[in-house]
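The values are calculated or read from the model by the stated rules, or taken from the named source; none is laboratory data. Fair warning: this is a prediction, and the values are worked out from it, not measured in the lab. Here the Cβ is made from the backbone with ideal geometry for all residues, glycine too, and neighbour counts use every protein chain on show.
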Amino acid sequence: MIARTVSCAVRGLGGVVVSVEADLANGLPAFTIVGLTDRAIQEARERVKAAVRNAGFDFPQRRLTVNLAPAEVPKEGTGFDLAIALAVIVCTGRALDLGETAALGELALDATVRPVTGVLPMARGLRAAGVRRLLVPVENGPEAALVEGLEVVPVPTLQACLRHLDGVELLPGPRSAFAATENGAVTDVADVRGQETAKRALEIAAAGGHNVLMLGPPGAGKTMLARALASLLPDLTTEESLEVAALYSLRGALRERAPTSLRPPFRAPHHSVSRAGLIGGGTGLAHPGEISLAHRGVLLLDEACEFPRSLLEALRQPLEERTVTVTRARGSVTFPAAFTLVAAANPCPCGHLGDGTRPCTCDPRCLAAYQGRLSGPMRDRLDLCVSVPRQPFGVLFAEDGVAGPTSAAVRHRIDAARRRQRERAAEMSTEVTAPSRFSVAADSHLNAALDGSALAIACRPLPAAVRLLAAAGERLGLSARAFHRVLRVSRTIADLAGEERVGEVAVAEALRYRAEASG
Amino acid sequence: MTLDLACAWGPVTEVGGAPAWLMARGDPGWPAGLEHLVDVPARLWLAGRHPPRAPAVAVVGARRATLGGLEVAHRIGSELASAGIQVISGMARGIDAAAHRGAVDGGGTTVAVLGTGIDVCHPAGNLPLRDRILAHGCLVAEDPPGTDAAAFRFPRRNRLIAALSVAVVVVEAAERSGALITARLAADLGREVLAVPGSLLNDRSVGTNRLLRDGAGVWLGLEDLIGAVPRLADRAPRQRMAEATGAPLDPPLARLLELIGTDPVHPDQLAAELAKPAQAVAAQLSALELLGEVRTLPGGLVVRASKAAAPGARDR
């Protein structure tokens, strides 16, 4: 007797439909699971055995073989338990209506169904493959329900699942509300007192998709500013939001961010993070790292100089390609990672350079060495550099302080600037096939992606601006790369001002956000 | 005896491509000032150009100096140089190096008294500076060639700095600093000691401020040195540094420039002072920077530009 149920395996950000086949044959009682499984799936034998018995069925005392097909796709995790149990039960001769139905979930020994990670991407994959009904653990119901056109049945126990399938006692649909809260309070730019230069730099960064380097002593408000940058980025589309939620689901981190939120995510990994934690990876199949959790949002590397250099170097590929490919022994997967990077660093090892309240006790010689921990190629990707001084208490607690514009107000300007960039990119794509720094189409219209000839065409600086650039190149000794950074930023400043061509003022302002000191 | 020692260490004929030679006590050109010492060195190794018979003033201070201190040391070095006074220092990092650079940039000569062998560059990062000193002045060492740096040799070296100079200017010195040893030795030898006053908040002005309390002269400019050492009175500055008198600045730029002094200031403070948006001030600062009126420091603060080049970038 052969039974067949449907479940799902994760591969990158996609779901691979897995057919669970169970065969009962004569012979000594045995229970084997095949199909490139990991240890968790092998242990499923014990869980399924106990759960089936405790649900009130006899576990067949014959030779039972379960195959997870396609057998060449590596599979891991406990999400196959429910589908295996159902297949075993059907195998013993119990008729169940499982047409166009898939099952996900881990089983407890008492036949309770426990939550698993990655339900959202798997639900999307199953829906795409034509599945109409999905049995999921109760806790995973809300996220599965985000996928349209899928009937989600949250099952508390194996018995309840069977009663529902028989039509004896129907289970309620998934809770629609999310108990999940936003990760941390949202910081509005209006909440940040002072720091006018930094706030302006964030506006430019949000408008042009530029990465930012913030230099300032500890406690100056760099983290708060980076959060404010996330509040300045435009809303995600529903599809983008779902993509972000799928990444969080894979990491089992949906509790940290409401999957229905259209606000861009904000992540701030500590500098002790492992390579797998930051970039993605882990044992077995690769999981998305912090850079993917920051997809379409902001990744803050606080104390950036303290991160191991190899980790910072590993960010270069994702910064350019907007995706990250993690290669493991069991295959390589690609996750999206289109984040805006904010690197925050102390200006010097003691942190007091330019502090004003306390003198810097560092040897001026080690400044270059300290800041040199961010390698040249890395700095090349940080278009904006801004110093964040410690605020005097007077500014922090000023009652009469003029509150600046809110994030929502600034976002209007940013949206307009982004619209201009999109239109220009559309025009340019008919003129030239411009090389882009980003390979993902979604972001290639942003000024941060401009390079080479595309940069020159997009900027078309006015004569006065050209003169200023020439003078800057000569007097300030700008390298070609620094020059390009200034141009990209000035293009965004002009877009914010609604100017067709890059003018003198835009270039002059952009020069202030370069990383190099003069002289 | 002297010769034997020299031979034992091998004759040194050049350092960094410049000629080097050995001078013994009593040789013509032996610095008279050294005779004031209790323990007169028997011989000196020299490299570079023969020092002219001009009075010399030592400029010493902290190795870990503040950016402001480096600026001051550089300025003193070039002021002395423009007055035809040789600048003596120890070629250490920080104040010493800035003073040597100032002297060379001011078109004068400078003498570096080393605590190592004549052919050893300590710290190694000062190699470009040493080459400039060799071209515009000379190196002096008491220890035989090949002697490595060791903590106990530097106070010994400091007595030579004190003896070779007519006055010692201390720019920045923390509470316990080698520069204070030089100042004490100089006072013992009857040399004038001047100190640059500093802020009470700056831990590297503690030593200099104490010197002032204990009776050292105040250095505010070359005239203070001439007042303290009358025989330098004929050393009027050869030429005042040309004041930058270009076209007058736009009134808004001039107003912004007025707010920027030699203390580093953050653009946000300027914007708040002028009640202007940060981006407008940013654009104006760039204009001033391109006019050479202000400089941007590492970390983004701005400071009024002295007409000399920035510290650190000169040797390259």
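Remark: A:Ala40 matches the filter, which requires a residue to be within 15 Å of A:Leu109 (Cα to Cα), at pLDDT 90 or above and crowded, with 17+ Cβ neighbours inside 10 Å. Assigned to a helix (DSSP H, G or I) and modelled with pLDDT of 70 or more: is that true of A:Arg420 in this structure? For A:Arg420, the condition - assigned to a helix (DSSP H, G or I) and modelled with pLDDT of 70 or more - is met.
In segment B:48-66, the residues that are within 14 Å of chain A (Cβ to nearest Cβ) form Cβ pairs under 6 Å with partners that are among the acidic types (Asp, Glu), at six or more places apart or across chains, as follows: B:Gly61/B:Glu172; B:Ala62/B:Glu172; B:Arg64/A:Asp363; B:Ala65/B:Glu172. Residues in segment B:36-51 that are assigned to a loop (DSSP other than H, G, I, E, B) and not β-branched (Val, Ile, Thr): B:Leu37, B:Asp39, B:Pro41, B:Ala42, B:Arg49, B:His50, B:Pro51. Scanning segment B:24-35 for residues being in a helix (DSSP H, G or I) and surrounded by 14 or more Cβ atoms within 10 Å (Cβ to Cβ) gives a total of 2. Residue-level check: of (1) of a type in the set (A, V, I, L, M); (2) assigned to a helix (DSSP H, G or I); (3) at pLDDT 90 or above, B:Val59 misses just (2).
Report the residue count in segment A:446-497 for those that are of a type outside the set (A, V, I, L, M, F, W, C), in contact with a Lys or Arg (Cβ under 7 Å, 6 or more places away or on another chain) and under 16 Å from A:Val212 (Cα atoms).
Going through segment A:446-497 one residue at a time, the tally reaches 2.
Taking residues in segment A:450-478 that are closer than 15 Å to A:Ala510 by Cα, and partners anywhere that are buried (at least 20 other Cβ atoms within 10 Å of the Cβ) and modelled with pLDDT under 85, the pairs with Cβ atoms closer than 7 Å and at least 6 places apart or on different chains are A:Leu476/A:Ser518.
What about B:Ala287, is it under 14 Å from A:Val386 (Cα atoms), in the same structural domain as B:Gly300 (by TED's automatic domain parsing), buried (at least 20 other Cβ atoms within 10 Å of the Cβ) and under 34 Å from the mean Cα position of the chain (by Cα)?
In short, no.
Taking segment A:191-217 as the range and being in a loop (DSSP other than H, G, I, E, B) and either buried (at least 24 other Cβ atoms within 10 Å of the Cβ) or away from chain B (no Cβ under 14 Å) (or both) as the test, the residues that pass are A:Gly194, A:Gln195, A:Gly209, A:His210, A:Asn211, A:Gly216, A:Pro217. In segment A:104-121, the residue that is surrounded by the most Cβ atoms within 10 Å (Cβ to Cβ) out of those that are closer than 15 Å to A:Gly15 by Cβ and modelled with pLDDT of 95 or more is A:Leu104.
Give me the residue from segment A:218-231 that is surrounded by 24 or more Cβ atoms within 10 Å (Cβ to Cβ) and touching a Leu at 6+ places or on another chain (Cβ under 7 Å) and, out of that set, nearest to the other protein chains (Cβ to nearest Cβ). Step by step, filter segment A:218-231, then rank; the result is A:Leu225.
Out of all the residues in segment B:81-106, which are farther than 18 Å from B:Glu71 by Cβ and in contact (Cβ under 8 Å) with a residue 60 or more places away in the chain? Reasoning before the result, please.
As a first pass, look at segment B:81-106 and keep what is farther than 18 Å from B:Glu71 by Cβ: B:83-86, B:88, B:90-91.
Result: B:Ala83, B:Gly84, B:Ile85, B:Ile88, B:Gly90.
When you check B:Gly102 against the structure, is it part of a loop (DSSP other than H, G, I, E, B) and more than 14 Å from every other protein chain (Cβ to nearest Cβ), yes or no? So B:Gly102 does not fit the description; no. Restricting B:Leu194, B:Leu129, B:Leu160, B:Leu180 to residues that are in a strand (DSSP E or B) and touching a residue at least 12 places away in the same chain (Cβ under 8 Å) narrows the list to B:Leu194.
Which of the residues belonging to segment A:73-94 are at positive phi and either outside the structural domain of A:Ala111 (by TED's automatic domain parsing) or out of contact with any Gly (no Cβ under 8 Å at 6 or more places or on another chain) (or both)?
Once the filter is applied, which keeps residues that are at positive phi and either outside the structural domain of A:Ala111 (by TED's automatic domain parsing) or out of contact with any Gly (no Cβ under 8 Å at 6 or more places or on another chain) (or both), segment A:73-94 yields only A:Gly93.
Within segment A:461-502, the set of residues being at the interface with another protein chain (Cβ under 10 Å from one of its Cβ atoms), within 24 Å of A:Arg411 (Cβ to Cβ) and buried (at least 19 other Cβ atoms within 10 Å of the Cβ) comprises A:Ile493, A:Leu496. Screening A:Val73 with (1) of a type outside the set (Ser, Thr, Tyr); (2) in a loop (DSSP other than H, G, I, E, B); (3) under 23 Å from A:Pro142 (Cβ atoms) gives one miss only, at (3). Evaluation of A:Ser272 against the conditions (1) under 16 Å from A:Ala345 (Cα atoms); (2) in contact (Cβ under 8 Å) with a residue 12 or more places away in the chain; (3) more than 14 Å from the chain's Cα centre (by Cα) shows that the sole unmet condition is (2).
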